[in-house]
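Here is the structure we will look at.
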Amino acid sequence: MNETRPIAYFCAEYALDDNLHIYAGGLGVLAGDYVREAGDQGLSLVAVGLYYGEGFIHKELTNEGQVVDLHETKSPEQVGLEAVKNEKNEWIEVKVPIGGRIVKVRAWLWSYKSVKVYLLDTKVEGNNEQDTHITDALYTVDKETRFKQEMVLGIGGLRMLLMIGHHPLHYHLNEGHSALLIFELIHHEMESRGMTFEEARSLVRERVLFTNHTLIAAGNDLFSNDLVALQLAKYAQEIEIPVKQLVDLGLVQQSSSFSMTILAMRAAGKINAVSKLHAVRAKEIWADHPMVPITNGIHIPTWDKIGSSEIWTKHKENKRELIKLIEKQAGVAWDEKTILLGWA
């Protein structure tokens, strides 16, 4: 690897900073640790994600017992991100055909040592009002918006990297959300090398690694073929590949559904699960796509930055509060040195 030919890492969420609310759980935590560890090792890595202006939806219980959804809107500058601009101090913009419109995409930069993380944003002047909200919220429940986000991530992500001047050697897809990158990679190879679709697809396969994290249906995006064909129509026209040819790559057999996971598995040269048991169970579901088990790791300095004495002091404070609550609620008083065992 070198600076101009890095590894590209694509993920829908990253736990990069406590103030940067663009992650929801384990996938983002792993991605954040991945990029920090790569930085500590001095690896040439560029990562691509989305900047969610409203972050993840927070739940709050009102005094009346009602659960309400809360969004915490923050500008990229508020959380310390840097606008990605060229040497003339002009925004670097790429365009992605989504549905019937062209959507402009910009990027914000988060850096850690040798690693650059580019967070894509559609809140751009000149975009249709509806399109400025594509990247508002993480894991939106609206299927159409979710697919548009994944077009921005995969297609817009590669276009942004190339526009900036990065030409990755390999591409690592962390879950299927970024699988539409495959289409843009195929298109890029066809255009730059004069290849046929199948020749380009074969070459792309050698450069793509896919990590699957879960067998649960909710963690593997499914869309209707009609929705996918409609949203990809203008893009397919631009790259001169029949939309059916694109849709077929992610088609779930004997169904009318398009699977991002299936698309990624069919296109990747190597696939890994995140544990041995996961790989075994995955083989029962996707027998044609064997997975190598690679257990998730962590970035030790991140998790070990609080000293043992601080943790123990906080533990004792929490225990005292718990004992007070138990006495108040149950009328039972315990000494704080008493060992408490609980279960859920």
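The values are calculated or read from the model by the stated rules, or taken from the named source; none is laboratory data. What you are looking at is a predicted structure, and each value in this text was computed from that prediction instead of being measured. Because the Cβ atoms are built from the backbone with ideal geometry, glycine has one as well, and the counts that use them run over all protein chains shown.
Being within 19 Å of the chain's Cα centre (by Cα), within 17 Å of residue 52 (Cα to Cα) and buried (at least 18 other Cβ atoms within 10 Å of the Cβ) is the filter here, so list the residues in the range 95-122 that pass it.
105, 106, 107, 108, 110, 117, 118, 119, 120, 121, 122
Would you please list the contacts, defined by Cβ atoms under 7 Å and residues six or more apart or on different chains, that run from a residue in the range 233-251 that is closer than 16 Å to residue 191 by Cβ to a residue that is β-branched (Val, Ile, Thr)?
235/155; 236/243
Check the range 293-314 and report whether any residue there is within 23 Å of the chain's Cα centre (by Cα), part of a helix (DSSP H, G or I) and not hydrophobic (A, V, I, L, M, F, W, C).
yes
Just to be sure, is residue 88 of a type in the set (D, E, K, R), free of Cβ contacts under 8 Å to residues at least 40 places away in the same chain, exposed (fewer than 11 other Cβ atoms within 10 Å of the Cβ) and assigned to a strand (DSSP E or B)? I'd like the intermediate steps shown before the answer.
Numbers: of a type in the set (D, E, K, R): yes; free of Cβ contacts under 8 Å to residues at least 40 places away in the same chain: yes; exposed (fewer than 11 other Cβ atoms within 10 Å of the Cβ): yes; assigned to a strand (DSSP E or B): no.
No.
Of the residues that sit in the range 252-261 and are in contact (Cβ under 8 Å) with a residue 12 or more places away in the chain and farther than 18 Å from residue 216 by Cβ, which one is surrounded by the most Cβ atoms within 10 Å (Cβ to Cβ)?
Only one residue fits best here, namely 258.
Of the conditions (1) modelled with pLDDT under 95; (2) among the charged types (D, E, K, R); (3) not in a loop (DSSP other than H, G, I, E, B), residue 74 fails just one. Which one is it?
Among (1) modelled with pLDDT under 95; (2) among the charged types (D, E, K, R); (3) not in a loop (DSSP other than H, G, I, E, B), the lone unmet condition for residue 74 is (3).
From the set of residues in the range 179-224 that are within 17 Å of residue 282 (Cβ to Cβ) and part of a helix (DSSP H, G or I), which is nearest to the chain's Cα centre (by Cα)?
Result: 219.
In this structure, is residue 135 in the same structural domain as residue 43 (by TED's automatic domain parsing), in a loop (DSSP other than H, G, I, E, B), out of contact with any Cys (no Cβ under 6 Å at 6 or more places or on another chain) and closer than 13 Å to residue 98 by Cβ? Step through it out loud before you land on a result.
Working: in the same structural domain as residue 43 (by TED's automatic domain parsing): yes; in a loop (DSSP other than H, G, I, E, B): yes; out of contact with any Cys (no Cβ under 6 Å at 6 or more places or on another chain): yes; closer than 13 Å to residue 98 by Cβ: yes.
When the stated conditions are applied, residue 135 passes them.
Would you mind telling me which numbered condition in (1) touching a Phe, Trp or Tyr at 6+ places or on another chain (Cβ under 8 Å); (2) farther than 22 Å from residue 33 by Cα residue 263 fails?
(1) is the only condition that residue 263 fails.
Could you check residue 12 against (1) of a type in the set (A, V, I, L, M); (2) in contact with a strand residue (DSSP E or B) (Cβ under 7 Å, 6 or more places away or on another chain); (3) at pLDDT 95 or above; (4) not in a loop (DSSP other than H, G, I, E, B) and say which number it fails?
All conditions pass for residue 12, except number (4).
Results for (1) surrounded by fewer than 22 Cβ atoms within 10 Å (Cβ to Cβ); (2) among the polar types (S, T, N, Q), shown as yes or no for each residue.
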| residue | (1), (2) |
| --- | --- |
| 19 | yes, yes |
| 25 | yes, no |
| 41 | yes, yes |
| 52 | no, no |
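Counting just the residues of the range 262-317 that are hydroxyl-bearing (Ser, Thr, Tyr) and within 22 Å of residue 15 (Cβ to Cβ), which one comes out surrounded by the fewest Cβ atoms within 10 Å (Cβ to Cβ)?
295
Taking the condition touching a strand residue (DSSP E or B) at 6+ places or on another chain (Cβ under 8 Å) and outside any loop (DSSP other than H, G, I, E, B), does residue 20 pass? Don't jump to the end; show me each part of the working.
Working: touching a strand residue (DSSP E or B) at 6+ places or on another chain (Cβ under 8 Å): yes; outside any loop (DSSP other than H, G, I, E, B): no.
So residue 20 fails the test.
Condition first: without any contact (Cβ under 8 Å) to a residue 24 or more places away in the chain and of a type in the set (Lys, Arg). Now tell me which residues in the range 150-193 satisfy that.
193
Could you tell me which of the residues 185, 230 is surrounded by fewer than 16 Cβ atoms within 10 Å (Cβ to Cβ), modelled with pLDDT of 95 or more and within 19 Å of residue 147 (Cβ to Cβ)? Explain how you work it out, then say what you get.
Details: 185 fails: surrounded by fewer than 16 Cβ atoms within 10 Å (Cβ to Cβ).
Sole residue among the options that is surrounded by fewer than 16 Cβ atoms within 10 Å (Cβ to Cβ), modelled with pLDDT of 95 or more and within 19 Å of residue 147 (Cβ to Cβ): 230.
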